[in-house]
Every structure is written in C-alpha cells, then in structure tokens.
Amino acid sequence: MTLNGCSRLIRILPRILSSRNLLTLAYASRGSLSPSPCNSHSVVLYSRVTFTNNLLRGYCSGSDTDINVSHEQLKKVLATKSGVVIDVREPWELREYGNIPGSINVPLGQVNQALQLDPQEFRERYGGDMPSTTNNIVFSCLAGVRSKKALDTAVSLGYSNVQHYPGGWEEWAKNEILQTKR
C-alpha cells in the first residue's frame with residue numbers, strides 16, 4: 001500500500017509542482033538526464049524546494065496533526081470567526097441529522113466548482129462568504145472521510161490554509177447536543 005502511494009505521488013508530483021512554477025524537475029536515468037521517468041526504475045528529483053503553507057501536505061505521509069482540527073479547535077474557529085467551516089454533506093443529511101452552527105453547506109460533489117466561483121455567486125448559492133485561497137478553511141462531514149476528500153480538492157485548487165474536522169457531525173453532536181441535555 002505504501003509502495004502504491006509512493007508511485008502515485010511520483011506520477012502526480014511533477015504535474016502539481018510544474019503547474020505552480022515551484023521548481024524545475026530533472027529525472028535521473030543511470031547518470032544522464034532523461035525527460036521521462038519511465039526510462040529508469042528509480043526517479044530522482046533534483047532541486048531545492050521550499051514548501052510554503054504545506055502545499056503538498058495532502059499528498060505526503062507526514063503528520064496529520066496540522067490538518068486535523070479537534071472539537072475544541074473547531075469551536076474556537078467558529079467563535080472567533082477565524083476561518084470558514086464548510087460542511088460537505090448532502091442537504092438532506094443536514095435536514096435529517098442537523099448541522100454545525102455557523103457552517104456553510106457545500107456538498108462534496110460541488111466543492112471543486114464552488115471554490116472556483118465568483119464570490120458573489122458563491123454567496124448566492126451557498127449563503128456564506130467565499131473563502132480566499134489564503135483564508136483558513138475547515139471542512140466537515142459526517143465522520144471525516146468526505147471532509148478529507150474536500151481538503152485534497154481545495155489543496156489541488158491552490159488553497160493553502162485548509163484543515164478538516166475528522167470527528168465530523170458525529171463527534172460534534174455527541175459533544176454539543178448531549179452536553180446541552182444534561
């Protein structure tokens with residue numbers, strides 16, 4: 001599984017980096033430079049790279065602590081309005097189970113398109129302010145799977161300060177709704 005993930009990273013990394021003009025890639029093929037990684041069993045990237053704002057964090061196996069938001073951290077983001085919380089569940093799920101107060105509903109299937117809209121059109125469709133590529137965005141869903149996919153989509157679109165709430169609505173409801181019933 002790790003090897004498969006590594007080969008996937010090697011295939012997409014040049015495309016991601018070249019589209020952002022971060023570096024020039026060179027592939028090594030037995031001592032000579034080759035334009036294609038397919039000519040060699042091992043691919044070596046030669047460059048000095050500075051990754052600002054963890055641009056590639058969704059594609060590496062590094063620590064998830066910088067992208068995961070705890071229940072308390074999410075409450076702080078909502079209370080201080082220091083970020084935009086986007087719930088990527090379907091509208092029927094919000095009607096059926098409830099929603100995190102202060103979040104904006106953008107279903108997962110619409111995240112890619114929504115994050116490329118004009119801010120006014122975003123506001124009209126989703127009822128909240130569209131985040132800029134540098135705003136803090138926290139994605140949430142039911143249990144953390146779809147919010148991680150939304151995070152990866154946002155990173156691929158150039159959003160640099162994205163996180164997700166892996167506990168999702170299930171954790172929020174357990175902590176908030178049960179506390180109010182005591």
Original post:
For Lys149, which aspartates and glutamates qualify as cross-link partners when the Cα separation must be under 20 Å and same-chain residues fewer than eight apart are set aside?
Top reply: Asp64, Asp66, Asp87, Glu90, Glu93, Glu170, Glu171
**OP:** Mind checking which lysines have their Cα closer than 18 Å to the Cα of Lys174? Skip sequence neighbours fewer than 8 apart in that chain.
**Re:** Lys75, Lys76
Original post:
Amide H to amide H, which residues 5 or more places from Val84 or on other chains are under 5 Å from it, using H placed in the peptide plane?
Top reply: Asn136, Ile137, Val138
Subject >> Sites Leu117 and Ile177, calculated FRET efficiency, Cβ-Cβ separation with R0 30 Å, nearest 0.05 >> reply: 0.40
Subject >> Accessible-area value, Glu176, 1.4 Å probe, nucleic acids and ligands omitted, Å² >> reply: 40
**OP:** Please calculate the 1.4 Å probe accessible area of Val106, with all protein chains present, and give it to the nearest 10 Å².
**Re:** 0
**OP:** Just grab the label-to-label distance for His71 and Glu170, each label 7 Å out from Cα along the Cβ direction, in nm (one decimal).
**Re:** 1.4
**OP:** Could you tell me the accessible area of Lys174 in Å² (1.4 Å probe, neighbours in place), rounded to the nearest ten?
**Re:** 130
**OP:** With only Lys, Arg, Asp and Glu charged, each at its Cβ (+1 for the first two, -1 for the last two), find how big the charge dipole of segment 62-182 is about the Cα centre; round to the nearest 20 debye.
**Re:** 320
**OP:** For Asp87, Asp129, give the ranking by accessible area with the largest first, probe 1.4 Å.
**Re:** Asp129, Asp87
Subject >> Extension reserve of the Leu78-Asn136 stretch, reckoned as 0.36 nm per residue once the Cα distance is removed >> reply: 19.8 nm
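The values are calculated or read from the model by the stated rules, or taken from the named source; none is laboratory data. In this text the structure is predicted, and so the values were computed from the model without any measurement. Note that we place each Cβ from the backbone using ideal geometry, even for glycine, and neighbour counts take in every protein chain shown. All accessible areas refer to the heavy atoms of the entire protein, side chains included, with ligands and DNA or RNA removed. Shrake-Rupley method; radii C 1.70, N 1.55, O 1.52, S 1.80 Å.
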